[in-house]
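Here the structure is laid out as structure tokens; the discussion comes afterwards.
Just so it is clear, none of the values below were taken in a lab; they were calculated from the coordinates. Being a predicted model, the structure only gives us computed values, none of them experimental. Cβ coordinates were reconstructed from backbone atoms using ideal geometry, including for glycine residues, and neighbour counts include every protein chain displayed.
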Amino acid sequence: MNARNNILNKLRAGLSGATPRPDDFDERLVTEPWQYAPEDRIGRLRSLMEAVHTEVHTVGSKDWPKTVAGILSRRNLNNLLYAPETDHGKQLGEHWQATEPTIELVAYDRPVEEWKDTLFWGVDASITGTVGGIAATGSLVLWPDRHEPRLMSLLPPLHIALLRASQVEDNLYTMMQRHNWSSGLPTNALLISGPSKTADIEQVLAYGAHGPKELVVLVIEDE
């Protein structure tokens, strides 16, 4: 018998004769203080995110790639990391091909080991989708996968995130219910409320120490 089985058997033996506690969870405790009218969710999320130096734009479902190009151009950036196999990646690629901007699209299409130096030091910005936002905390929710790995939102100095207006929930609990996390949690979930920041013992705030220095959120209106 291996060590793992020994540990599990001890745990099972310790439960012998134990009575399970009743499930007395009251969801009102985690929802009622953080409920908002549907028309107020975007405004609350925006005000909380802008308070921590996040740039927020409201855009249409067809013209957001043009906004992305403008954001990069104003910052004189040279390239943008994107996921070509996603729906928004395909839309972005079509816009780039039609307009032929000078900014290069860099596809995340290989293992990180094959281009680590470029990914860490040669990418100016990235763009990813989100699965929604949380009005109560002013946060984005990302589920990284093989098309958009976690590094896409953590490494480049500028992270551009796409958020559907209809996917902003009141609080984390309603977000978990909407996506049925109880039946299967994502392998990794990211809650992002602003650009990376830290402060030293003298309380001097610095941005970009552990992730993107800038965060831009494009709230895509439903049409």
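Using DSSP, restrict attention to beta bridges with both residues in the chain and report what percent are antiparallel, rounded to the nearest 5.
Just about 25 percent of them are antiparallel.
For region 120-223, what is the convex hull (Cα atoms) projected area averaged across all directions, in square nanometres?
Taking a quarter of the hull surface, the average projection is 8.1 nm².
Within region 139-174, list the trypsin sites (Lys or Arg not before Pro) lying in a DSSP loop whose Cβ has at most 14 other Cβ atoms in a 10 Å radius.
Answer in residue order: R146.
Under the 0.36 nm per residue contour assumption, what length would be gained going from the current alpha-carbon distance of H57 and R178 to full extension?
That pair, H57 and R178, stretches by 41.1 nm at full extension.
Can you tell me the length gained on complete extension of the stretch L154 to L205, counting 0.36 nm per residue apart and subtracting the Cα distance?
16.5 nm
Using only Cα atoms, find the angle between the long axis of helix 87-99 and the longest principal axis of the chain, and express it within 0 to 90 degrees, rounded to the nearest 10.
So the helix axis and the longest Cα principal axis differ by about 10 degrees.
Helix 38-50 versus the longest principal axis of the chain: what angle, 0 to 90°, nearest 10, using Cα atoms?
Result, in degrees: 70.
What net charge is computed for the residues neighbouring A206, neighbours being all others with C-beta under 15 Å from the C-beta of A206, Lys and Arg scored +1, Asp and Glu -1?
-1
Before anything else, pin down the relative contact order of the chain: Cα pairs under 8 Å, at least 6 apart, normalised by residue count, whole percent.
In percent, rounded to a whole number, it is 25.
Taking a cut-off of 16 Å between Cα atoms, list the aspartates and glutamates near K90, but don't count ones fewer than 8 places away on the same chain.
In chain and number order, the partners are D63, E100, E104, D109, E148.
Do any of K66/K213; K116/K197; K66/K116; K62/K197 go past 26 Å between their Cα atoms, and which?
Where the Cα-Cα span goes over 26 Å, the pairs concerned are K66/K116; K62/K197.
Amide H to amide H, which residues 5 or more places from V131 or on other chains are under 5 Å from it, using H placed in the peptide plane?
Amide H neighbours of V131: V141, L142, W143.
With θ set to phi - 60° and the Karplus curve 6.51 cos²θ - 1.76 cosθ + 1.60, what are the ³J(HN,Hα) couplings of region 104-118 in order, to the nearest whole Hz, using x for Gly and Pro?
Per residue, the Karplus-derived 3J(HN,Hα) values read 7, 8, 10, 7, 8, 9, 8, x, 4, 4, 7, 8, 4, 4, 5 Hz.
Treat every Asp and Glu Cβ in the chain as -1 and every Lys and Arg Cβ as +1, leave all other atoms uncharged, and give the resulting dipole magnitude about the Cα centre to the nearest 20 debye.
Dipole about the Cα centre, nearest 20: 680 debye.
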